[in-house]
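Where a number appears in this text, it was derived from the coordinates with a stated rule and is not lab data. For clarity, every value in this text was computed on a predicted model and none was experimentally measured. Cβ sites come from the backbone with ideal geometry, for glycine too, and all protein chains shown count toward neighbours.
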Amino acid sequence: MAVIYILWLREVKRYLRSRPQVIASLGQPLLYLLVLGFGLGPVFQKSGQGSYLQFVAPGVIGMAILFMSIFSGIGLLWDRQFGFLKETLVAPVPRLHIMAGRTLGGTTIAVIQGTLILTVCLLAGFRPQNLATIPLALLFMALIAVVFAALGTAIGSTLKDMQAFQLVMNFLVMPIFFLSGALYPLANLPIALALATRVDPLSYGVDGLRGAFIGLSHFGMPTDFAILCLAASVFLVLGAWSFSKIEI
Amino acid sequence: MIHVRDLVKTFGDIKAVDGISFEVRPGEIFAFLGPNGAGKTTTIQMLTTLQRPTSGTMSVDGLDPARNQLETRRRFGIVFQDPSLDSELTAYENMELHGVLYHVPRHVRTERIRVLLTLFELWERRDSRVKTFSGGMKRRLEIARGLLHTPKILFLDEPTLGLDPQSRNQLWTHVKHLNETERMTVFLTTHYMDEAERVAHRIAIIDHGRIVAQGSPEELKQQTGTDSLEHAFLALTGSSIRDERADASEQMRQIVKMWRR
């Protein structure tokens, strides 16, 4: 337990100490929120879908959590590069505990980041429908964070150098974001896109958040919850397995 | 304490370690010497569960590091050749984290951290982040950290690289002391022959992945008919410089690693 705790604490400390990075990581979600939120607002309104800001805010929160959690997992690469990984790998503790500590840390900072974005959304004029469902939204935020922190760990354990990072960014993280329905409604999509959105775990995360925040859910929140739990279990097993296989 | 028989590690076509056998007795200070790229670090990585051998057998305190990884890890401590600190954390936090990872009880931990940081003259800077430290300070911190838990076997992979003579002296005095009082077995590599001569009971010299000589410093000098370990070392390994080859093989290793998965 102490081991998991201290590694969790390490992740959180690193996050809290890197203020410039925290601020920088707010930039992209803010652009989406403000520029798209207000820019596409009139079109969205005209098509009879209501306020786009209301619609996109949960998507942007989901996006912030996705980025933060997957990067924290890929942080393994940095630790490998700067050598700290070795220090934990030779320690007489089960790798599972190390992985658990790191992943929990990644989850925590991603949720903090999501909360930060939520605050900004509220300032920008986002109004959740019902305050009573906020805890439910937090639950979905945590689930998204677990899913992608675990996926990040799996990727970080497999990759060997920093150059591959760009590859992951362009061929995994961005598609996950764009296919999730964070920016557009999932109804009436062309069949190929509809299928792609259905295999993207983030779709269910964003959908769950939308359900909790504005009472608008495409799949239904129980489905969202179940699929996120399933994805989390799969990625956690995958992450733990690939982490246990790391050689220096 | 450590038994190694016909140990081989290949990376693609490169034989980093090519069938070495040696033995380290309990309570002994054993120096593993060799030019750059000779296979020292790879051997240590195999003994410390970080790499799996291609073939051959090894045992550390009766355990096979390749199979009994977790149990083996309980038996040793290690100071790595290259940096392994978290530079965003403070010196104290790095020590603390290590203490927790190695299950050092809290009251012992607090006390030892104080003693070791004072010994290596880092106590004043304990709350500074490691990224603000100079190379020598980082190195001292790594050593202090490696000594935080008193393992049965201590691996020191070129621990004095980049250290000033004062810290070096401090380190070896402390290591010798631990060896004498706690009967700690020490397995070290270094490029400084005078250090090996000063502290090591026995020495193995490795070159091109093979062990070319073994024995006490005296025996090695006699064997080669030289008057210092440095000369004995040069007589055994030749005087050509290995960096070139080592770099190329290191690059190969990287490429092999990249494509292996």
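Some notes on this structure:
- Here each label is just a point 7 Å from Cα along the line to Cβ, and for A:ARG198 and A:SER51 those points are 3.3 nm apart.
- Histogrammed with a bin width of 10 Å, the alpha carbon distances of the stretch A:94-237 distribute as 11, 38, 36, 14, 1 percent, first bin at zero.
- The packing ranking, built from the mean of other Cβ atoms within 10 Å per residue, places the peptides A:96-106, B:225-235 in the order A:96-106, B:225-235, highest first.
- Positive-end residue of B:ILE29, B:SER239, B:ASN68, charge dipole of chain B with Cβ unit charges: B:ASN68
- Rg/Rg_globular for the stretch B:24-67, with Rg_globular taken as 2.2 N^0.38 Å and Rg from C-alpha atoms: 1.22
- For the peptides A:177-185, A:12-20, the ranking by mean Cβ contacts within 10 Å, running from highest to lowest, is A:177-185, A:12-20.
- Principal semi-axes in Å for chain B [√(5λ), Cα gyration tensor, largest first]: 29, 22, 19
- Of interest is the spacing of the C-alpha centroids, which for the stretch A:140-176 and the stretch B:67-88 amounts to 26 Å.
- Average silhouette area of the stretch A:197-244, convex hull of alpha-carbon atoms, in square nanometres: 3.4 nm²
- Value of Rg/Rh across chain A [Cα atoms, Kirkwood radius]: 0.98
- Among the listed pairs B:LYS40/B:LYS138; A:LYS245/B:LYS138; A:LYS160/A:LYS245, those beyond 20 Å (Cα-Cα): B:LYS40/B:LYS138; A:LYS245/B:LYS138
- Mean projection area, nm², convex hull over Cα of the stretch B:85-190: 6.2 nm²
- Simple spin-label estimate for A:GLN81 and B:HIS3 gives 4.4 nm between the two label positions (7 Å along the Cα-to-Cβ direction from each Cα).
- Taking B:ILE153, A:ILE109 and counting other C-beta atoms within 10 Å, the order from fewest to most: B:ILE153, A:ILE109
- From least to most packed, judged by other beta carbons within 10 angstrom and beginning with the fewest, A:TRP8, A:TRP241 follow the order A:TRP241, A:TRP8.
- Charge dipole (the stretch B:158-246, unit charges on Cβ, about Cα centre) - positive-most of B:THR226, B:VAL212, B:ALA196: B:VAL212
- Net +/- balance of residues flanking A:LEU202 in space, Cβ distance below 14 Å, scoring K and R +1, D and E -1: -1
- Percent of Cα pairs exceeding the 34 Å cut-off, where the set is the protein assembly as shown: 45 percent
- Shielding by partners, peptide B:66-76 (average Cβ within 10 angstrom, other chains): 2
- Net length available on complete extension from B:HIS177 to B:ASP13 is 54.8 nm, with 0.36 nm assigned per residue and the Cα-Cα distance removed.
- Helix-only CD estimate at 222 nm, as mean residue ellipticity for chain A, using -39500 (n - 2.57) per DSSP H run (n ≥ 4): -24500 deg cm²/dmol
- Selection from A:VAL237, A:ILE214, A:THR108, by position along the positive dipole direction of the stretch A:2-244 (Cβ): A:THR108
- Within straight-line cross-link reach of A:LYS86, aspartates and glutamates at Cα separation under 12 Å, skipping those fewer than 8 residues along the same chain: A:GLU247, B:ASP82, B:ASP86
- Packing, taken as the mean count of other beta carbons within 10 Å per residue, orders the peptides B:163-173, B:30-40, B:113-123 from highest to lowest as B:30-40, B:113-123, B:163-173.
- Here B:LYS9 is the anchor, and the aspartates and glutamates within straight C-alpha reach of less than 12 Å, apart from those fewer than 8 places off in the same chain, are B:ASP18.
- Across the alpha-carbon atoms of the stretch B:51-147, the computed radius of gyration and Dmax are 15.5, 48 angstrom.
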